[in-house]
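In what follows, a single structure is set out as structure tokens and then discussed.
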Amino acid sequence: MIEEFVESLKRFESYKGQIEHVEVIPASTACYGKLEEPLPKTIEDYLSRKKIQLYSHQATAINRLRQGRNVIIATPTASGKTLAFNIPVFEVMSTDQFATALYIYPTKALTNDQLQVLRSLEKETGIRAVPNVYDGDTPSSQRSSIREKSRIILSNPYGLHQYLPWHYKWNSFLENLKFIVIDEAHVYRGVFGSNMALLMRRLLRICEHYGSDPQFILSSATIANPQEHSEKLTGREFEVISDDGSARGRKFFVFWNPPFIDIDRTIRRSAHQETRELLVLNVSKRFQTLCFTVSRQMAELISRWTREDLTQKSPKLVGAVAAYRAGYLPEERREIESKFKTKGLIGVVSTNALELGIDIGSMDSVIISGYPGTFISTWQQAGRAGRTTADSLATLVAFQNPLDQYFMKYPKDFFGRPHEQAIIDLNNQYIDLGHVMCASAELPVTSKDEKYFSNLDSSLAALKSQNLVRETTRGYVYSGLSRPVETVKLDNISDRIVKVVCSGKVLETLDLTKAYDEAFEGAVLLHQGDTYIVTELDLATQIAKVKQEDVDYYTEPLKTIDISVIKKYEEKNESVNFGLGELEVTESYYQYLIKKYDEVIGRQPLNLSPLSFVTVGMWFTITKEIESEIEGQNLDFEGGLHAVEHAMIAMAPLYAMCDRWDIGGVSTPIHPDTGQPTIFIYDGFEGGIGISEVLYYAIEQLFTATLRLIENCECSEGCPSCIYSPKCGNENSPLDKKAAIIILEKLLNTMRKDSNRPKQQDKSSTHKKE
Amino acid sequence: MSVQRKRLLKRASESLGRRIGNGREYSVISEQDEPHHMHGGRIQETWVYQEEYSNAMKLKSKLVQQFKGKALEDVIPGKIISNNQGACYCIEAECDTHIKNTSLRKSREVILSDLKLLSGVGPARERKLKQQGYQSIRDLTKHPIWRESAQEFLSRVDLKDVSSLQSWFNSRLPKSHPLAHYLAGFCRSEDFAIIDIETMGLFGRPIILLGIAKSRASGLGISQFLLRDISDEAGALWELVSHLDGNSAFITYNGRAFDIPYIQERLAYYGIRSSLNNPHFDALHFARRAWRSRLDNCRLETVEKYFGVQREIDIPSTLIPEFYESYLKSRNVGPLVAIVEHNRQDLITLANIFSKLYDEWNI
């Protein structure tokens, strides 16, 4: 079926040239494994009732866990990871009547989904585990009973961060804690990952206090460094299980490029319209299809357009297509999930909300509308298609940006590439300090805690100097003026939530930055394919009022990003001017576009108070001489600046141990605070998170590495390996690789000349004594 | 550590210090402003009027001036006591306030005459039952349907098991119900323990003063356990626990939500095992029911003013952390005078409120 479909697409005259590549990933047969010891009878019976034979990786995981090892299972989507760790947990539940287990998921939606899995396992095996979710949505009337009775508790890192100071209420759960399960462990990378790693140390410190020493079970998408990642995340030694023993049908991975629509072959057809067309084709063939889009709005629009199309072509299928995204109310989401599972829905258009393991079964086909930014995500999304025996289809629809186009041009490069590393930094002083402070409010911190926190002495001294902790006979005790867990955030997602209200009822919720994008006054908000006009966005009450109105257009805000230097920490004024300090990053929303099928049909002014945050960043200026030299060679100076910024951000994780998504950058041919062409690189976290500071101190190495990266890259005009950024706000344009090389060479030359000259005085604006 | 890492650490800690300082848990508002609920902000947001704030700051500098260079013992008479968890500074006083209580007979009568305490009996059914001659729960022990649950309730009443009666009440009545107050008649006066703590904030920070008042023949015996510095906290907590036993019945103002869980949290913080599941009369709930319609709010200070009590020295509770912080930084004991006095007054007012409530119920 799938193969015929792909062949027919290839043959179809009007699709000529749109299939850039078809990669056929061969089928694999099941490889079963054997347990070293038999399972308890109830579990054994359950498996045979369900006709489940354990795959090799599942058996190995169970064997290792029974030996008391910590295990990370890093096999593809739908390979049965959940069962592999639920079996040993339930085994222990059946042999130790007090044993408890904590399951940590990155999202509430996942927690609720897995609760059902655990409840049914409890029912099937008759092993009493009383699984329950404990998170921000848990009614306070149920909390104490869950803490006391549930043996498996499912939660998320944000909740855990809030609950740790209340450990005494959890004492019986903690005393008996045998397992900590971290599902989707690859999500915990970059600053979020470093925060999670320290949160785990706080948790383990409290476990030690209550006399327990839980075993870890991690499950993860395929990443380049599962061993290192799991060990950094938890501080324990791990056994990696990555040989997938599950059976899989063939997969056809199609690279789909929208056709040119002009004679000069410069403009391609809209990728969104192309996606709609592909989805209609897939659904008409009755392939159950999951379509991933890069934004919430696109998920809504593509599902709406698809339904419009189907109204003409096959009206019976109109009701079989729906949108799915974060922000929907939980019951709405559950309804879509269950309809999809029972095949009541054939097509679902979703944001990455369905990328993680929500159980919706396996699809025949997945459409990925636009490269999602990482290989990890791309393969996770593609992995949603695929059944044990039948063929499946994954289609990547390219956007017109250089990054997507690069993969269309060099598909082999895509399939030959290793997955990204999951990076965690245990030496980030901002993050470390924040968590040591949180820990000091949980139990007094003493020198015994050095095994959990590196550089503990200096961290404590720094906290003491700010009166955040006090030294006592019992250790260091937190004594600041507000709650530490309110100040220390695990990621940079805004915790200001806007409610969208339609005639007195809450339609959905979104965080403040999303509300700026989608719920400004005049915006068309899409919800389950229906259109609503926003009549008011009240920032004080955080309520957006909407009225339902059927319109055929949608809206898109335009914004500018401005940076201003508020306070200089340090400065080096030699031939190249470098600075480090506090920056205010301001996003001004000034106008919105009214669009219809990707066409702009109108513009309206937008009156919104700008969104701004203060962070720490570094900057450097480029001299007029370099600018004129580049222009003299007929190269694009702005493209060069932009390319240098991208490539530096790409190399930054090498020095600052972060994820590139943790950093922001702006390059400008003239900046009011420096009066010169300037590149800024800043921490994407309110108050700064210690990345730019490390980069500032390592600037010469960073320049050298960046230059090497660009120079040695085999591409001629730039590619994802050097100057293309997966998160560029300007569609990777303009970019000029040659100009970038000249800028970096000149900068390095002048720096080297400077360092050969007799040392000038360091114009650091902090005290010289240090 | 390299110079650069040192600089980084310094900036990181300054940034943290700033953000923790900005996160202070109250706002100063002008008299015209209606205290409004914060949207999406922190869970517990409190406020203090501009005038109160500036008066408190004036008081603080006056006390700092007055007690410059003085030792704690000379300013606040008391003694250092030690126990197996540490030490603290103990201040003892007596005053002639009495905790009024109803007699056991009266409270038993009032409670048993409310048939609605039994599950399944609503106001209409109660009227019907009373018409049929079932005047009290005791009578219902002969009723074919409510016999069992009436017997169960009566056995708790006969055992004078206040804790189990409280949980029974909690499932049938609002926490503010006068009958829940009448339950106090089941306690011996000497078992009452009025408890009020002063802290460095809303949870997760040290308790700096624990006050307990007990009923004596001559009036109230007040003991306050003060931290000379944070090292004293475990000792002070333990001292409070030593003043309690299984029969102690707590009287607090918002203690169900604040004081008692706070003390439990701090005990657990130092790894001290102790459960505080005693009978507990939280007067805030009763006060709200009794006086809410007559007062702007039911803060202890507001209720107290309504009864005409004027404090000579006082500071709003929300500013206590700042007063203590200033003592810790300067070691000037002036601010402690205000804290100790504030706590002592709170204990006395609490005894008065508890007594006055009986006049309100009209049972």
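Here the Kirkwood formula, the inverse mean of 1/r across different C-alpha pairs, assigns the range B:104-186 a hydrodynamic radius of 12.7 Å.
Over 20 Å between Cα atoms, which of A:LYS567/A:LYS624; A:LYS108/A:LYS169; A:LYS169/A:LYS448; B:LYS116/B:LYS175; A:LYS464/B:LYS58 qualify? It would help to have the intermediate numbers written out before the result.
Values: A:LYS567/A:LYS624 25 Å; A:LYS108/A:LYS169 22 Å; A:LYS169/A:LYS448 24 Å; B:LYS116/B:LYS175 15 Å; A:LYS464/B:LYS58 28 Å.
Where the Cα-Cα span goes over 20 Å, the pairs concerned are A:LYS567/A:LYS624; A:LYS108/A:LYS169; A:LYS169/A:LYS448; A:LYS464/B:LYS58.
Modelled label positions at A:SER8 and A:GLN591, each set 7 Å beyond Cα in the direction of Cβ, lie 4.5 nm from each other.
Average 1/r across all pairs of distinct alpha carbons in the protein assembly as shown, invert it, and you get the Kirkwood radius: 33.6 Å. Annotation for the range B:216-307: trypsin sites (Lys or Arg not before Pro) lying in DSSP loop with at most 10 further Cβ atoms inside 10 Å of their Cβ are B:ARG273.
Dipole size in debye (nearest 20) for the protein assembly as shown around its Cα centre, Lys and Arg Cβ +1, Asp and Glu Cβ -1?
Values: 137 positive and 145 negative charges, 609 e Å.
Charge dipole, the protein assembly as shown, about its Cα centre: 2920 debye, nearest 20.
A simple packing score, the average count of other Cβ atoms within 10 Å per residue, orders the peptides B:352-361, A:719-728, A:214-223, A:496-505 as A:214-223, A:719-728, B:352-361, A:496-505, with the highest score first.
Each Lys and Arg adds +1 at its Cβ and each Asp and Glu adds -1 at its Cβ; summed about the Cα centre, chain B shows a dipole of about 880 debye.
Going by how many other Cβ atoms sit within 10 Å of their own, how do A:THR351, A:THR750, A:THR706 line up, fewest first?
Exposure proxy ranking, most exposed first: A:THR750, A:THR351, A:THR706.
Does the range B:254-329 come out rounded, prolate or oblate by the C-alpha gyration tensor, with a ≥ b ≥ c the root eigenvalues, rounded set by a/c under 1.5 and, if not, prolate when a/b is larger than b/c and oblate if not?
Details: a/c = 3.16, a/b = 1.28, b/c = 2.48.
Cα axes put the range B:254-329 in the oblate bin.
Think of the range A:429-487 as a dipole: +1 on every Lys or Arg Cβ, -1 on every Asp or Glu Cβ, centred on the Cα centre; then among A:TYR478, A:ILE431, A:ALA462, A:TYR478 lies furthest on the positive end. For A:ASP244, B:ASP229, the sequence from fewest to most other C-beta atoms within 10 Å is B:ASP229, A:ASP244. Overall, the ratio between the Cα radius of gyration of chain B and 2.2 N^0.38 Å, rounded to two decimals, is 1.14.
Could you tell me which of the pairs A:LYS50/A:LYS313; A:LYS547/A:LYS727; A:LYS251/A:LYS313 are separated by over 31 angstrom between their Cα atoms in the structure shown? Write down the numbers at each step before the final one.
Numbers: A:LYS50/A:LYS313 41 Å; A:LYS547/A:LYS727 33 Å; A:LYS251/A:LYS313 28 Å.
Violating the 31 Å limit, Cα to Cα: A:LYS50/A:LYS313; A:LYS547/A:LYS727.
Each part reduced to its alpha carbon centroid, the range B:241-292 and the range A:24-83 end up 50 Å apart.
Using r as the Cβ-Cβ distance of B:SER164 and B:GLN131, and R0 as 30 Å, what FRET efficiency do you calculate, to the nearest 0.05? Please list the in-between numbers first.
Working: r = 31 Å, r/R0 = 1.02.
Computed FRET efficiency for B:SER164 and B:GLN131: 0.45.
Could you list A:LEU110, B:LEU183, B:LEU237, B:LEU154 in order of exposure, starting from the residue whose Cβ has the fewest other Cβ atoms within 10 Å?
If I rank by nearby Cβ atoms, fewest first, I get B:LEU154, A:LEU110, B:LEU183, B:LEU237.
Taking every residue in B:54-67 and counting other chain Cβ atoms within 10 Å of its Cβ, the average works out to 0. Over 21 Å between Cα atoms: which of A:LYS285/A:LYS341; A:LYS505/A:LYS559; A:LYS123/A:LYS149 fall into that group? Too far apart for the 21 Å limit: A:LYS505/A:LYS559.
For chain A, taking a cut-off of 4.7 Å between Cβ atoms, the unpaired cysteines are A:CYS31, A:CYS207, A:CYS291, A:CYS438, A:CYS502, A:CYS658, A:CYS728.
Each Cα pair of the range A:41-241 feeds into the Kirkwood radius, which the Stokes-Einstein equation turns, at 37 °C and 0.692 mPa s, into a diffusion coefficient of 193 µm²/s. How high is the FRET efficiency from B:ARG5 to A:LYS409, r the C-beta distance, R0 56 Å, rounded to 0.05? Efficiency, rounded to the nearest 0.05: 0.80. Peptide A:334-341 is shielded by partner chain Cβ atoms: per residue, an average of 0 of them sit within 10 Å of its Cβ.
Could you pull out the GluC sites (Glu not before Pro) across the range B:311-343 that fall in loop regions by DSSP (anything but H, G, I, E, B) with no more than 14 other Cβ atoms inside 10 Å? Don't skip to the end; give the middle numbers.
Details: sites: B:GLU312, B:GLU322, B:GLU325, B:GLU341; in loops: B:GLU312.
Loop-located and lightly packed - B:GLU312.
The residue list B:VAL333, B:GLN50, B:LEU173 was ranked by how far each Cα lies along the charge dipole of chain B toward its positive end, using unit charges on Cβ atoms, and B:LEU173 comes out on top. Extension gain for A:ASN467-A:GLN548 works out to 23.8 nm (0.36 nm per residue, less the C-alpha to C-alpha distance). Between A:VAL318 and A:SER575, the contour length at 0.36 nm per residue exceeds the alpha carbon distance by 86.0 nm. Each of A:TYR32, A:PRO720, A:SER755 was scored by the projection of its Cα onto the charge dipole of chain A, and the greatest displacement toward the positive side belongs to A:TYR32; charges sit on the C-beta of Lys, Arg, Asp and Glu.
Hey, got a sec? Which trypsin sites (Lys or Arg not before Pro) in the range A:59-142 land in a DSSP loop and have at most 14 other Cβ atoms within 10 Å?
Numbers: sites: A:ARG64, A:ARG66, A:ARG69, A:LYS81, A:LYS108, A:ARG119, A:LYS123, A:ARG128; in loops: A:ARG69, A:ARG128.
Loop-located and lightly packed - A:ARG128.
Peptide A:481-492 has a mean of 5 when you count, residue by residue, the C-beta atoms of other protein chains within 10 Å of its C-beta.
Note the full-extension length gain between A:THR42 and A:ASP673 as 0.36 nm times their separation in residues minus their Cα-Cα distance, in nm to one decimal.
Numbers: separation 631, 0.36 × 631 = 227.16 nm, distance 7.07 nm.
Residue separation times 0.36 nm, minus the Cα-Cα distance, leaves 220.1 nm.
Tally the DSSP beta bridges in chain A and give the antiparallel ones as a percent, rounded to 5. Mind dumping the intermediate values first?
Values: 75 of 125 bridges.
Given both bridge residues lie in chain A, the antiparallel proportion sits at roughly 60 percent.
Please state the charge dipole magnitude for the range A:509-551, taken about the Cα centre, from unit charges on C-beta atoms (+1 on K and R, -1 on D and E), reported in debye and rounded to the nearest 20. Intermediate results must be reported in sequence, preceding the final value.
Values: 3 positive and 9 negative charges, 16 e Å.
Its charge dipole is roughly 80 debye.
Debye-formula intensities of the range A:509-551, expressed as log10 I(q)/I(0) at q = 0.18, 0.28, 0.29 Å⁻¹, are -0.44, -0.99, -1.05 (one equal scatterer per alpha-carbon, no solvent). Given R0 = 22 Å, the distance between the Cβ atoms of B:SER275 and A:ARG143 translates into a calculated FRET efficiency of 0.75.
Since every read-out is calculated from the coordinates, none of them should be taken as a lab result. On a predicted model such as this, the values are computed, not experimentally measured, just so you know. For neighbour counting, all protein chains shown are included, and Cβ atoms are generated from backbone atoms with ideal geometry for every residue, glycine included.
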